[in-house]
1. State all residues of region 60-87 that are within 22 Å of Leu25 (Cα to Cα) and either in contact with a Gly (Cβ under 7 Å, 6 or more places away or on another chain) or among the aromatic types (Phe, Trp, Tyr) (or both); if no residue qualifies, say none.
2. Which members of region 2-22 meet the condition of being of a type in the set (Val, Ile, Thr) and part of a helix (DSSP H, G or I)?
3. Restricting attention to region 68-92, which residues are surrounded by 11 or more Cβ atoms within 10 Å (Cβ to Cβ), modelled with pLDDT under 95 and over 30 Å from Asp36 (Cβ atoms)?
4. I'd like the residue in region 23-46 that is touching a residue at least 40 places away in the same chain (Cβ under 8 Å) and either in contact with a strand residue (DSSP E or B) (Cβ under 8 Å, 6 or more places away or on another chain) or in a helix (DSSP H, G or I) (or both) and, out of all such residues, is farthest from Phe87 (Cα to Cα).
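The values are calculated or read from the model by the stated rules, or taken from the named source; none is laboratory data. Please read all numbers here as calculations on a predicted model, not as lab measurements. Heads up, the Cβs are rebuilt from the backbone with ideal geometry, glycines too, and the neighbour counts pull from every protein chain shown.
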Amino acid sequence: MLGWMAWTWPTALVFIGLFSAMGVLTVLEIKYPGGDERKGALGLTTTRGDRLFLTCLGTAFIFLGWLGFFGMPLWAPLGIAISWGVFCFWKV
């Protein structure tokens, strides 16, 4: 039934991570409404959802760029992407 896509454990973990992050943000928004707006290092006024979107978008570009220039393995871009996510939620 799910043969139309190459469902592997790494693919499943990406989707589990995305949906988990959205679930955590939903719980935070219910508990602390308002989105936790702040002005960050890039000069943007962002909410938690904006920071998650920027993190996901940047992570996609990091992995695609790495694959385009260097190929496999993907451990180094994983570290870069995690650092990007920490930066986004800490400073953006």
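1. Hits for region 60-87 are Trp84, Phe87.
2. Taking region 2-22 and keeping what is of a type in the set (Val, Ile, Thr), we get 8, 11, 14, 16.
Scanning region 2-22 gives Thr11, Val14, Ile16.
3. Matches in region 68-92: Leu74 only.
4. Start the filter on region 23-46 by keeping residues that are touching a residue at least 40 places away in the same chain (Cβ under 8 Å), which leaves 40-42, 44, 46.
Narrowing the set further to residues that are either in contact with a strand residue (DSSP E or B) (Cβ under 8 Å, 6 or more places away or on another chain) or in a helix (DSSP H, G or I) (or both) leaves 40, 46.
Numbers: Gly40: 10, Thr46: 13 Å.
The residue in question is Thr46.
One line per residue, one yes/no per condition, for (1) surrounded by fewer than 14 Cβ atoms within 10 Å (Cβ to Cβ); (2) not small (Gly, Ala, Ser):
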site	(1), (2)
Trp9	yes, yes
Met22	yes, yes
Ile30	yes, yes
Gly35	no, no
Arg48	no, yes
